[in-house]
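Notes follow the structure.
The values are calculated or read from the model by the stated rules, or taken from the named source; none is laboratory data. Given the structure is predicted, the values throughout are model-derived calculations rather than measurements. Positions of Cβ are generated from backbone atoms using ideal geometry, with glycine treated the same way; all protein chains shown enter the neighbour counts. In case anyone asks, the SASA skips ligands and DNA or RNA and just uses the protein heavy atoms, side chains included. Shrake-Rupley method; radii C 1.70, N 1.55, O 1.52, S 1.80 Å.
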Amino acid sequence: MLKAFKKNWDIQQNWQLLFPLLGILGLGYSSFKLALVFTKTYHIVITGILAIILFIVLLKFILFLFKKLSNKWIVDYRWEMIRIFIVFAVTGSSSMLVGKPIIRAIGITKENLNPILYWVLFIIIGLIFYQILLVTFGWLFGQFKFFWNFEKKMLRRFGLGKFLD
């Protein structure tokens, strides 16, 4: 079974199994946290059953995304796609965690600003840090080239391509 798994994900060395393991653990944690949001209770049986259902649904969705993106994203090995998904997950969460204290340090709060304007500014600040963190985490996870190319394409779509030349 492990041999088939390694072959399916192009895993040549055992250390590369770390990324599928991190992906499964992250998906399990996310499923549990979502189950807690939906159940609004700490009743372990209900939350556990819902977490398992969410885990299966999300796993099927992610495997569907892998199939769709395998033709679009150029990577040497299939397991690298897991690493890329992990980078996107960590970057999204981190950009919001970094954005909150920054927006607070500037003196912007929901209380002293129109809520719509607050959220627009929060998203803009989060997006700025997202760009920086995406390349940084991509580099830390050994996927700098992929994320730098991704970043350049994204900046061009924002009309900022002239700064890359």
³J(HN,Hα), Karplus 6.51/-1.76/1.60, whole Hz, each residue of region 124-133, x for Gly, Pro: 5, 5, x, 5, 4, 5, 4, 4, 5, 5
Computed lengthening from Lys68 to Phe144, 0.36 nm per intervening residue step minus Cα-Cα distance: 25.2 nm
Cα-centred dipole magnitude for the chain, charges only on beta-carbon of K, R (+1) and D, E (-1), debye, nearest 20: 360
20 Å Cα-Cα threshold exceeded, pairs from Lys72/Lys145; Lys6/Lys153; Lys7/Lys153; Lys33/Lys60; Lys72/Lys152: Lys6/Lys153; Lys7/Lys153
Ile102 accessible area, 1.4 Å probe, all protein chains in place, Å² to nearest 10: 60
Trypsin sites (Lys or Arg not before Pro) restricted to region 1-109 and DSSP loop, no more than 11 other C-beta within 10 Å: Lys40, Lys72
Relative contact order for the chain, counting Cα pairs under 8 Å that sit 6 or more residues apart, in percent: 18
Loop-located chymotrypsin sites (Phe, Trp or Tyr not before Pro) in region 45-130 whose Cβ has at most 16 other Cβ within 10 Å (DSSP): Trp73, Tyr77
Sequence of Met81, Met96, Met1 from largest to smallest accessible area, 1.4 Å probe: Met1, Met96, Met81
